[in-house]
Amino acid sequence: MAMALHDHVFFYIFVIISAAPLSLSQPQAASSCNGIFLSYTYTSGYRLPPNTSDTADQPYRFTSELTVLNNGLEDLKSWKVFVGFRHREWLVSASNAELADGTGLPAAVGNGTVLEGSEVRDLKTAAETAGDLKQMMVTVDMVGTVFGVAPPNVPMPSTIRLSNEGFICRKPTSQAGNNETHTCCTVDPNSKTNTPTDEQEFPLPQKGGDLSIIYDVTKTYESNYWAEVTVSNNNPIGRLDHWKLSWEWINDEFIYTMKGAYPSNVDSSECIFGSQGEYYKKLDFADVLNCERRPTVVDLPPTRFNDSKLGKVPFCCRNGTLLPPTMDPSKSISRFQMQVFKMPPNINRSHLAPPRNWKISGEELNPEYQCGNPVRVSPSESLDPTGLPSNTSAIASWQILCNITRNTRKSKCCVSFSAFFNESVVPCQTCACGCSAKSERTCSVAEPAVLLPPEALLVPFENRTKMAHTWADRKHLSVPNPMPCGDNCGVSINWHVNTDYRRGWTARITLFNWGETDFADWFVAVEMDKAAPGFEKMYSFNASSLDKVKNTIFMQGKEGLNFLVAEANGSNPKKDPKVPGKQQSVISFRKKNTPGIEVVDGDGFPNKVFFNGEECSLPLVYPSSGFRNEFSFVPMLLLMLLPIIWMWQ
C-alpha cells in the first residue's frame with residue numbers, strides 16, 4: 001500500500017514537472033489553441049557593469065523562456081519562431097535553438113530574429129504521442145543583454161509569431177504582470193505549403209539564396225557514412241575563386257577520406273589523443289585525413305580530375321572557381337565526396353546529422369557570404385552512374401543557403417569617372433579599399449580625393465602627387481596639405497562618357513589591375529537605372545543585358561582576351577613606373593528606349609559596378625558639365641598613349 005502510494009505521488013510530481021512550462025504560462029490559452037501555441041516569458045534581469053551616465057546605454061542581463069507547443073493535427077516540421085526584440089538586445093545563449101540565418105551566438109538581435117530548432121526540430125501531435133509533451137513541445141531558455149530597460153521594467157518583444165510558411169498567427173496577448181505574451185497560429189486554409197502528401201515527407205530544396213549547398217548522404221553504415229557535397233552559385237553576378245569551405249561537427253565526427261576536394265590541414269592528432277582514438281582502437285589513424293572540429297576544405301586542381309583515388313567526381317577539380325551561371329552554368333557548380341566516421345551514441349545506420357555553422361569564402365576580389373543552418377529537404381535524385389535508365393536517390397539530404405552580405409567593410413575595387421565635357425578625372429575615393437593607421441602620418445584619410453589629369457590613371461598612386469599638383473595649378477584648384485591617401489585598390493575601373501548625340505551616346509570602360517595576380521575569366525557588371533534599357537553594343541568585350549538582374553549589363557573578355565594580367569615593370573624598371581594590366585572597350589547606347597535621359601547630368605554613369613562579384617566603390621560626384629568642349633581631350637590623349645601602354649606590357 002505504501003509502495004503504491006509512493007508510486008502515485010511520484011507519478012503526479014512527474015506530470016506536474018513535465019507540464020510546468022505550460023501550466024505556469026497559460027494553461028487556458030494553450031488548451032484553447034488548436035494549432036501552434038507560442039509563449040514568451042521574461043523571467044529575470046539585473047544591472048551589468050559598467051555604470052553609464054546615459055541610462056539608454058546601461059546594459060542589463062535578462063533571462064527569458066520561449067515555448068512552442070504543437071496542439072494541431074499535423075506535425076510541425078523544422079519549427080521557426082520570430083521574436084521581435086526591440087531594445088538593442090544581444091542574445092548570448094539559447095537552449096534547443098539557434099539563429100535561423102546561421103549567425104553564431106552571441107549575436108545582436110535588436111531588430112528581431114528568427115529562432116529555429118537545433119536538437120528538437122520537429123514537433124509531433126498529441127494524437128500520435130498520447131499527449132507526450134516531450135515530443136509535442138520545445139522550451140528555449142534564453143540569456144542575453146538588453147540596453148536601457150531597468151528592472152522592474154520588463155523588456156518584452158514587440159511580437160512573436162511562427163515563421164513557418166502556411167500559418168496565420170493571432171495578435172499576441174499579454175499576461176497580467178506584463179512579463180508574458182502568447183499567441184496561437186493555425187494553418188492558413190488558402191496555403192498549400194502545409195498540405196501533406198504521401199510522396200513527399202520533406203520540402204523540395206529552395207531556389208533562393210546566392211549560393212546553395214546540398215549535403216547528401218549517399219551510403220550509410222553502422223559507424224560511418226558517405227556524403228556528397230554540392231555547392232551551386234545561383235547569383236548571376238556572384239563568383240568565388242579558390243573557394244574555402246568550412247563547417248562545425250556537432251557529434252565529434254571526423255573525415256576519413258575524400259574525393260574531389262581535400263582538407264587544407266591534414267591532421268589526425270585530435271583523434272589519436274581524443275575520444276575517437278579511445279573508441280576506434282583498431283582503426284589506423286595514419287589514413288585519417290582530418291579530425292578538427294571545424295575543418296576547412298579546398299578544391300583540387302584540374303590535373304586531379306582523372307585521379308582514380310582523389311578525382312573522378314563530376315564538377316570537381318576546378319581550382320576552386322565558381323563562375324556565375326550567366327557565364328557558364330556548368331562551371332557554376334562544385335562537388336566533392338567524403339567518408340565521415342561517427343561517434344557514440346550515434347553508432348547506427350539511421351542516425352544521420354549534418355554539420356552546422358557553414359562558412360564559404362574566396363580569395364582575391366570575391367563577395368563575402370553568410371550561410372544559414374542546414375534544412376532537411378527531399379532526398380536528391382541523380383542519374384544512375386552505371387548508365388541504366390533509372391534515378392538514384394540519396395538516403396537523406398539537407399540544404400544550406402548562403403547569401404552575399406553587404407556589410408560596412410572596405411571594397412576591393414574602385415571606379416573613377418571622366419567625360420568628354422570635362423578635362424579632369426574624378427578619381428577613386430580616398431581609402432576606398434582601406435588605409436592603415438600608419439597612413440595618417442603621411443597623408444589624410446579624411447580629405448576627398450583631388451581631381452586628376454587623365455594620364456594619371458596610367459601610373460601607380462605613389463607617382464601621381466606631382467601630376468596632381470601640376471594639374472591643380474593649371475586648373476586653379478585647391479590642394480589640401482597633407483594630400484589625401486590613395487584608394488589602395490587592387491583593381492580600378494574608369495568609366496568615361498565618350499560622346500553624346502541626338503540618337504545615342506557612347507562610353508568607354510577601362511580596367512586596371514594593380515595587383516600581382518592575373519584574373520582569368522574576369523567579368524564586370526554595371527547597373528544603370530536609366531541607361532541600361534538603351535544598351536546597344538559592346539565592341540571589344542562580350543556584353544549582354546541580364547534578364548534576372550534589373551538594369552544591369554554583364555561584360556566579359558572575349559575568348560583569348562579574357563585575362564586581366566597583373567601589374568608589370570615598365571620598360572626601364574629603374575626609371576619608369578610600374579604598368580598595370582589593362583583591358584578596354586567602348587559601349588554604345590540608343591536613346592530610343594530611354595526617353596528623357598540626361599547623359600551629361602549623371603544618367604550616363606553607373607549606379608553600381610561589380611568586378612568578379614565584388615561591388616566596387618564609386619565616386620561621390622560626377623564630372624561637372626559646366627565647361628563643355630567641342631572636341632574630346634581625354635579620348636584623344638588616351639588614344640595617343642595606347643601604343644605606349646601596349647609597348648610597356
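What to note about this one:
- Residue count for segment 534-568, restricted to those that are free of Cβ contacts under 8 Å to residues at least 24 places away in the same chain, within 17 Å of residue 583 (Cα to Cα), part of a loop (DSSP other than H, G, I, E, B) and not small (Gly, Ala, Ser): 3.
- Filter result (over 18 Å from residue 402 (Cα atoms) and touching a Gly at 6+ places or on another chain (Cβ under 7 Å)) within segment 101-135: 112, 125
- If you filter segment 595-645 down to residues that are modelled with pLDDT of 50 or more and of a type in the set (Ser, Thr, Tyr), you find that the one that is surrounded by the most Cβ atoms within 10 Å (Cβ to Cβ) is 617.
- Boolean, residue 456 is aliphatic (A, V, I, L, M) and either more than 30 Å from residue 209 (Cα to Cα) or surrounded by fewer than 21 Cβ atoms within 10 Å (Cβ to Cβ) (or both): yes
- Any hit, segment 126-134, residues being under 21 Å from residue 352 (Cβ atoms), open to solvent by 20 Å² or more (accessible area, probe 1.4 Å) and free of Cβ contacts under 8 Å to residues at least 60 places away in the same chain: no
- Of all residues making up segment 399-439, the number that are in contact (Cβ under 8 Å) with a residue 12 or more places away in the chain, among the polar types (S, T, N, Q) and part of a loop (DSSP other than H, G, I, E, B): 5
- Screening 347, 333 for residues that are among the aliphatic types (A, V, I, L, M) and closer than 18 Å to residue 402 by Cα leaves exactly one candidate, 333.
- Flag: residue 232 matches the condition of being more than 18 Å from residue 343 (Cα to Cα) and of a type outside the set (Lys, Arg).
- Condition check for residue 586: farther than 17 Å from residue 455 by Cα, in contact with a Ser or Thr (Cβ under 8 Å, 6 or more places away or on another chain), modelled with pLDDT of 95 or more and not in a loop (DSSP other than H, G, I, E, B): yes
- Within this structure, residue 415 passes the test of being open to solvent by less than 10 Å² (accessible area, probe 1.4 Å), aliphatic (A, V, I, L, M) and modelled with pLDDT of 95 or more.
- Answer from 88, 121 - the residue that is over 26 Å from residue 48 (Cβ atoms), surrounded by fewer than 20 Cβ atoms within 10 Å (Cβ to Cβ) and not acidic (Asp, Glu): 121
- First in segment 138-152 and closer than 21 Å to residue 80 by Cβ, second anywhere and assigned to a loop (DSSP other than H, G, I, E, B) and open to solvent by less than 20 Å² (accessible area, probe 1.4 Å), Cβ under 8 Å, 6 or more apart: 138/79; 144/89; 144/109
- Some residue of segment 359-378 being under 30 Å from residue 280 (Cα atoms), open to solvent by less than 30 Å² (accessible area, probe 1.4 Å) and touching a Pro at 6+ places or on another chain (Cβ under 6 Å): yes
- Taking segment 379-389 as the range and being loosely packed, with under 14 Cβ neighbours inside 10 Å and touching a strand residue (DSSP E or B) at 6+ places or on another chain (Cβ under 6 Å) as the test, the residues that pass are 381, 384.
- Strands (runs of 3 or more DSSP E) contained entirely in segment 215-272, each with at least 2 residues that are surrounded by 22 or more Cβ atoms within 10 Å (Cβ to Cβ): 224-233, 244-248, 254-259
- Within segment 54-83, tally of residues that are open to solvent by 60 Å² or more (accessible area, probe 1.4 Å) and more than 18 Å from residue 145 (Cα to Cα): 3
- Test: residue 328 is surrounded by fewer than 19 Cβ atoms within 10 Å (Cβ to Cβ), out of contact with any strand residue (DSSP E or B) (no Cβ under 7 Å at 6 or more places or on another chain), over 30 Å from residue 557 (Cα atoms) and not basic (Lys, Arg): no
The values are calculated or read from the model by the stated rules, or taken from the named source; none is laboratory data. Note that the coordinates shown come from a computational prediction; the quantities given were computed from them, not determined experimentally. Reconstructed Cβ throughout: ideal geometry from the backbone, glycine too, with neighbour counts over all protein chains shown. What goes into the accessible areas is simple: the full protein's heavy atoms, side chains included, and nothing from ligands, DNA or RNA. Shrake-Rupley method; radii C 1.70, N 1.55, O 1.52, S 1.80 Å.
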